[in-house]
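Enquirer: First the structure, then my questions, so here it is.
Here, each number is a calculation from the coordinates, and none is a lab measurement. Fair warning: this is a prediction, and the values are worked out from it, not measured in the lab. Neighbour counts are summed over all protein chains in view; Cβ atoms, including those assigned to glycine, are modelled from backbone coordinates with ideal geometry.
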Amino acid sequence: MRKDLELTKWRDEIDQIDAELVALIGRRMTASAAAGFRKRQIGLPPVDEAREKELLGRVDDPRVRALYRLILVRCRKHAVADVAANSPG
């Protein structure tokens, strides 16, 4: 089977984008956990629904918004679990 050069080009671009996405999502999860710890220190609730609504409002494409919502939910769960696991008593 002959390799399709255009398909190979698109796959290479997808691979590069995926690598960037994975790194950025990892950074976001770390930042979310740090923000969660700070919220606990200053007595704020772990979830700020107004902030999440604001973030989602920045995304025009409904397909991207749905995916972004999943990222927000997973980051929130990760942050809340990290705070709970690392809290005294």
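Enquirer: Among the residues of the range 14-47, what is the count of those that are among the charged types (D, E, K, R), over 16 Å from residue 68 (Cα atoms) and in contact with a helix residue (DSSP H, G or I) (Cβ under 9 Å, 6 or more places away or on another chain)? Step through it out loud before you land on a result.
Expert: Filtering the range 14-47 down to residues among the charged types (D, E, K, R) leaves 15, 18, 20, 27-28, 38-40.
Then keep just the ones that are over 16 Å from residue 68 (Cα atoms); that gives 15, 38-40.
Of the ones still in play, those that are also in contact with a helix residue (DSSP H, G or I) (Cβ under 9 Å, 6 or more places away or on another chain) are 39-40.
Total satisfying the criteria: 2.
Enquirer: Among the numbered criteria (1) in a helix (DSSP H, G or I); (2) hydrophobic (A, V, I, L, M, F, W, C); (3) surrounded by 10 or more Cβ atoms within 10 Å (Cβ to Cβ), which one does residue 44 miss?
Expert: Here residue 44 meets the rest and fails (1).
Enquirer: Among residues belonging to the range 31-41 that are of a type outside the set (Lys, Arg) and within 13 Å of residue 83 (Cβ to Cβ), point out the one that is surrounded by the most Cβ atoms within 10 Å (Cβ to Cβ). Please lay out each step first, then the result.
Expert: If we filter the range 31-41 for residues that are of a type outside the set (Lys, Arg), which is where we start, we get 31-37, 41.
Among the residues that remain, those that are also within 13 Å of residue 83 (Cβ to Cβ) are: 32-37, 41.
On the way: 32: 20, 33: 18, 34: 12, 35: 17, 36: 23, 37: 14, 41: 9.
Only one residue tops the list, namely 36.
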